[in-house]
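The structure under discussion appears below in the form of C-alpha cells.
The values are calculated or read from the model by the stated rules, or taken from the named source; none is laboratory data. Here the structure is a predicted model, which means the values were calculated and not measured. So basically every Cβ, Gly included, is an ideal-geometry build from the backbone, and we count neighbours across all protein chains shown.
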Amino acid sequence: MYTVTIAVQHLLEAVMALALENNEEIDVNVSGINISNFRFADDICLAAGSNKDLQQLVDHTTSNRFGLKVSNTKTEVQYIGREKQHTKIMLGSSELTQFVYLGGVISEDTSCDEDVTRRIGLAAGTVRNLHNIRKANDISKSTKVLLYQTLVRAIILYNSETWTLK
C-alpha cells in the first residue's frame, strides 16, 4: 500500500512538472512566494492571477499522456478577491461548478446568499421526495413531523452557524 502511494505521488509530480513547464509565469504571489498549485494526496488545486491564466492551466492536457482523466463532476472553481467576479472556467465542453466545502458554498465576497439559496433548493427537493409520505393516511402526524424535523430542517439549517446576519 505504501509503495502504491509513493508511485502515485511520483506520477503526480511528473504530471505537474510537465504541465507547468510552459506555464511558469502563471502563479499567484502569497506573502512573497509565487505559487501555482497546492497538492494534498491525489488532489491538486491550481492557482492563477486571472481567469485567462487559470483557463490556460486547466486546458493543458499533460494528464492525458499518462492515462489520467480530470473529473468534471469533482472539479470546482473559486475566485478569491476583493471585488466580485464571475469565474467561468471550462473543462472540455462543461463549465466548472462553484466551490462547495463541507456542504457549504464558499463565496468570494463572504456573503451567505448563495449558500442559503442552495440549502433552500436542497430542502425543497427533499420535501418533493416526501410527497407520498405526507399524503399517506396510514402514517401518523407525529411521524410526519419527525420526518420533517429530521430530514428537511436538518438540510436547510446545515452550516447555518456560519451565515452572516443581515
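Starting from residues that are exposed (fewer than 13 other Cβ atoms within 10 Å of the Cβ) and in a strand (DSSP E or B), keep the ones in region 1-33 and report whichever is modelled with the lowest pLDDT. Step by step, filter region 1-33, then rank; the result is N29.
Looking at region 53-162, the helices (runs of 4 or more DSSP H) lying wholly inside it that each contain 1 or more residues that are surrounded by 14 or more Cβ atoms within 10 Å (Cβ to Cβ) and at pLDDT 85 or above sit at 113-129, 141-147, 154-157.
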